[in-house]
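To keep things clear, I will list the structure first and then write my remarks on it.
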Amino acid sequence: MSENCFGILAEFKSPHDLLSAAEKLRGKGYKNFDAYSPFPIHGMDEATGIKPSILGWIVLVGGALGLSAGFGLQTWVSTSAYKIIVSGKPLFSYQAFVPVTFELMVLFAAFFTVFGMFALNKLPMHYHPLLKSKNFESVTSHGYFIAIESSDPQFNSAENVLIEVGGSNIEKIEE
(Lines give C-alpha, C1' and ligand atoms only; values in the text may rest on other atoms or scores of the structure.)
Protein backbone atom coordinates (compact mmCIF):
# COMPACT_ATOMS: atom_id res chain seq x y z
CA MET A 1 0.00 0.00 0.00
CA SER A 2 1.45 3.34 -1.00
CA GLU A 3 1.45 6.20 1.43
CA ASN A 4 -0.88 8.42 -0.63
CA CYS A 5 -3.46 5.70 -1.33
CA PHE A 6 -7.09 6.72 -0.64
CA GLY A 7 -8.50 3.22 -1.00
CA ILE A 8 -9.70 0.57 -3.37
CA LEU A 9 -12.78 0.72 -5.62
CA ALA A 10 -14.82 -2.18 -7.02
CA GLU A 11 -17.81 -2.22 -9.37
CA PHE A 12 -20.88 -4.46 -9.04
CA LYS A 13 -23.45 -5.53 -11.61
CA SER A 14 -26.72 -4.71 -9.86
CA PRO A 15 -28.18 -3.06 -6.76
CA HIS A 16 -28.80 -6.52 -5.28
CA ASP A 17 -25.14 -7.49 -5.77
CA LEU A 18 -24.04 -4.20 -4.20
CA LEU A 19 -26.27 -4.71 -1.15
CA SER A 20 -25.13 -8.31 -0.76
CA ALA A 21 -21.46 -7.29 -1.03
CA ALA A 22 -21.90 -4.53 1.55
CA GLU A 23 -23.49 -7.01 3.98
CA LYS A 24 -20.64 -9.48 3.43
CA LEU A 25 -17.99 -6.80 3.94
CA ARG A 26 -19.66 -5.68 7.15
CA GLY A 27 -19.81 -9.31 8.29
CA LYS A 28 -16.07 -9.72 7.62
CA GLY A 29 -15.33 -6.78 9.92
CA TYR A 30 -14.73 -3.97 7.44
CA LYS A 31 -15.73 -0.59 8.84
CA ASN A 32 -14.29 2.16 6.62
CA PHE A 33 -16.12 1.55 3.37
CA ASP A 34 -18.95 3.16 1.48
CA ALA A 35 -21.37 2.08 -1.24
CA TYR A 36 -22.27 4.29 -4.20
CA SER A 37 -25.24 3.96 -6.56
CA PRO A 38 -27.31 6.27 -8.78
CA PHE A 39 -30.31 5.94 -6.43
CA PRO A 40 -31.00 4.98 -2.81
CA ILE A 41 -31.08 1.25 -2.10
CA HIS A 42 -33.41 0.05 0.65
CA GLY A 43 -31.41 -1.62 3.43
CA MET A 44 -28.04 -0.13 2.47
CA ASP A 45 -27.76 1.89 5.69
CA GLU A 46 -27.97 -1.28 7.76
CA ALA A 47 -25.67 -3.18 5.39
CA THR A 48 -22.92 -0.56 5.62
CA GLY A 49 -23.43 0.07 9.34
CA ILE A 50 -24.47 3.71 9.05
CA LYS A 51 -25.82 4.94 12.37
CA PRO A 52 -28.82 7.29 12.64
CA SER A 53 -27.93 10.93 12.12
CA ILE A 54 -27.47 13.29 15.05
CA LEU A 55 -28.75 16.19 12.95
CA GLY A 56 -32.13 16.14 14.73
CA TRP A 57 -30.39 16.79 18.05
CA ILE A 58 -28.35 19.61 16.50
CA VAL A 59 -31.57 21.23 15.23
CA LEU A 60 -33.19 20.79 18.65
CA VAL A 61 -30.28 22.56 20.34
CA GLY A 62 -30.47 25.39 17.79
CA GLY A 63 -34.21 25.77 18.31
CA ALA A 64 -33.84 25.76 22.10
CA LEU A 65 -31.09 28.38 21.93
CA GLY A 66 -33.20 30.55 19.63
CA LEU A 67 -36.21 30.20 21.92
CA SER A 68 -34.12 31.05 24.99
CA ALA A 69 -32.38 33.96 23.28
CA GLY A 70 -35.63 35.47 21.98
CA PHE A 71 -37.54 35.10 25.20
CA GLY A 72 -34.58 36.09 27.38
CA LEU A 73 -33.74 39.22 25.39
CA GLN A 74 -37.33 40.44 25.38
CA THR A 75 -37.70 39.71 29.08
CA TRP A 76 -34.49 41.59 29.91
CA VAL A 77 -35.42 44.56 27.71
CA SER A 78 -38.94 44.92 29.10
CA THR A 79 -38.13 44.34 32.79
CA SER A 80 -34.62 45.80 33.19
CA ALA A 81 -33.20 47.82 30.33
CA TYR A 82 -36.24 49.88 29.27
CA LYS A 83 -38.93 49.83 31.95
CA ILE A 84 -41.69 51.48 29.97
CA ILE A 85 -45.32 50.86 30.83
CA VAL A 86 -47.32 50.76 27.59
CA SER A 87 -51.13 51.05 27.76
CA GLY A 88 -51.11 50.07 31.41
CA LYS A 89 -49.73 46.57 30.71
CA PRO A 90 -47.31 44.98 33.18
CA LEU A 91 -43.58 45.11 32.35
CA PHE A 92 -43.42 41.33 31.86
CA SER A 93 -46.11 40.85 29.18
CA TYR A 94 -44.90 37.49 27.90
CA GLN A 95 -47.85 37.02 25.53
CA ALA A 96 -46.40 39.71 23.28
CA PHE A 97 -43.08 37.86 23.18
CA VAL A 98 -44.48 34.81 21.34
CA PRO A 99 -44.04 35.95 17.68
CA VAL A 100 -40.43 37.08 18.08
CA THR A 101 -39.56 34.05 20.21
CA PHE A 102 -41.04 31.70 17.61
CA GLU A 103 -39.25 33.41 14.72
CA LEU A 104 -35.87 33.31 16.49
CA MET A 105 -36.41 29.65 17.35
CA VAL A 106 -37.01 28.87 13.66
CA LEU A 107 -34.07 31.05 12.54
CA PHE A 108 -31.58 29.46 14.95
CA ALA A 109 -32.83 25.96 14.10
CA ALA A 110 -32.38 26.71 10.38
CA PHE A 111 -28.83 28.01 10.88
CA PHE A 112 -27.91 25.02 13.04
CA THR A 113 -29.37 22.72 10.37
CA VAL A 114 -27.33 24.24 7.56
CA PHE A 115 -24.04 24.48 9.43
CA GLY A 116 -24.61 21.12 11.12
CA MET A 117 -25.04 19.51 7.70
CA PHE A 118 -21.86 21.20 6.48
CA ALA A 119 -19.94 19.82 9.47
CA LEU A 120 -21.44 16.31 9.33
CA ASN A 121 -20.85 16.04 5.58
CA LYS A 122 -17.30 17.43 5.92
CA LEU A 123 -18.07 20.28 3.55
CA PRO A 124 -16.71 22.14 1.77
CA MET A 125 -14.81 19.31 0.13
CA HIS A 126 -13.56 20.74 -3.11
CA TYR A 127 -12.36 17.45 -4.55
CA HIS A 128 -12.80 13.74 -3.75
CA PRO A 129 -10.20 11.15 -4.80
CA LEU A 130 -12.85 8.83 -6.29
CA LEU A 131 -13.45 11.40 -9.02
CA LYS A 132 -10.08 10.38 -10.53
CA SER A 133 -11.52 7.02 -11.59
CA LYS A 134 -12.95 6.80 -15.11
CA ASN A 135 -15.10 3.82 -14.07
CA PHE A 136 -16.64 5.82 -11.22
CA GLU A 137 -18.18 8.29 -13.71
CA SER A 138 -20.98 5.76 -14.34
CA VAL A 139 -22.19 6.00 -10.72
CA THR A 140 -24.55 8.81 -11.74
CA SER A 141 -26.38 6.69 -14.30
CA HIS A 142 -25.89 2.93 -14.03
CA GLY A 143 -22.85 2.06 -11.88
CA TYR A 144 -22.77 0.39 -8.45
CA PHE A 145 -19.55 0.71 -6.47
CA ILE A 146 -17.95 -0.01 -3.11
CA ALA A 147 -14.85 1.86 -1.96
CA ILE A 148 -12.82 0.60 0.99
CA GLU A 149 -10.65 3.31 2.49
CA SER A 150 -6.98 2.70 3.26
CA SER A 151 -7.64 3.67 6.90
CA ASP A 152 -9.54 0.39 7.41
CA PRO A 153 -7.56 -2.01 9.63
CA GLN A 154 -8.12 -4.87 7.15
CA PHE A 155 -7.22 -2.86 4.05
CA ASN A 156 -4.30 -5.12 3.07
CA SER A 157 -6.68 -7.97 2.21
CA ALA A 158 -9.37 -5.73 0.68
CA GLU A 159 -8.66 -6.53 -2.98
CA ASN A 160 -9.05 -10.28 -2.47
CA VAL A 161 -12.21 -9.81 -0.41
CA LEU A 162 -13.77 -7.53 -3.05
CA ILE A 163 -13.13 -10.21 -5.69
CA GLU A 164 -14.60 -12.82 -3.34
CA VAL A 165 -17.84 -10.83 -2.84
CA GLY A 166 -18.33 -10.32 -6.58
CA GLY A 167 -16.53 -7.07 -7.39
CA SER A 168 -15.09 -6.34 -10.80
CA ASN A 169 -13.02 -3.52 -12.36
CA ILE A 170 -11.07 -3.25 -9.10
CA GLU A 171 -8.66 -0.33 -8.92
CA LYS A 172 -6.58 1.43 -6.30
CA ILE A 173 -7.38 5.10 -5.89
CA GLU A 174 -4.60 7.55 -5.07
CA GLU A 175 -5.18 10.68 -2.97
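The values are calculated or read from the model by the stated rules, or taken from the named source; none is laboratory data. From a predicted model like this one, the values you see are computed outputs, not experimental measurements. Here Cβ is always computed from backbone atoms with ideal geometry, including for glycine, and neighbour counts include all displayed protein chains.
Residue check: is residue 35 under 16 Å from the mean Cα position of the chain (by Cα), in contact (Cβ under 8 Å) with a residue 24 or more places away in the chain and surrounded by 14 or more Cβ atoms within 10 Å (Cβ to Cβ)? Criteria met by residue 35.
Residue 60 falls short of the stated requirement of being over 30 Å from residue 5 (Cβ atoms), in contact with a helix residue (DSSP H, G or I) (Cβ under 7 Å, 6 or more places away or on another chain) and either of a type in the set (Lys, Arg) or surrounded by 10 or more Cβ atoms within 10 Å (Cβ to Cβ) (or both). Applying a threshold of 7 Å to beta carbon distances and a minimum spacing of six or more residues, or different chains, the list of pairs starting in region 49-62 at a residue that is closer than 23 Å to residue 21 by Cα and ending at one that is assigned to a helix (DSSP H, G or I) reads 49/26. Please name all residue pairs, on different chains or six or more residues apart, with Cβ atoms under 7 Å, provided the first residue is in region 9-30 and is farther than 11 Å from residue 166 by Cα and the second residue is among the hydroxyl-bearing types (Ser, Thr, Tyr). Taking only residues 6 or more apart or on different chains, the pairs are 9/133; 15/37; 15/144; 26/48. Among the candidates 9, 65, 25, the residue that is closer than 18 Å to residue 136 by Cα, surrounded by 14 or more Cβ atoms within 10 Å (Cβ to Cβ) and touching a Phe, Trp or Tyr at 6+ places or on another chain (Cβ under 8 Å) is uniquely 9. For region 108-116, check the following and say yes or no: at least one residue is surrounded by 10 or more Cβ atoms within 10 Å (Cβ to Cβ), aliphatic (A, V, I, L, M), touching a Gly at 6+ places or on another chain (Cβ under 6 Å) and not assigned by TED's automatic domain parsing to the domain that holds residue 165. Yes, that holds for at least one residue. If the condition is being in a loop (DSSP other than H, G, I, E, B) and either surrounded by 18 or more Cβ atoms within 10 Å (Cβ to Cβ) or among the basic types (Lys, Arg) (or both), then region 12-22 contributes only 13. Quick check on this structure: which one of 147, 96, 110 is out of contact with any helix residue (DSSP H, G or I) (no Cβ under 7 Å at 6 or more places or on another chain) and either closer than 30 Å to residue 18 by Cα or modelled with pLDDT of 95 or more (or both)? None of the others qualify; the one that does is 110.
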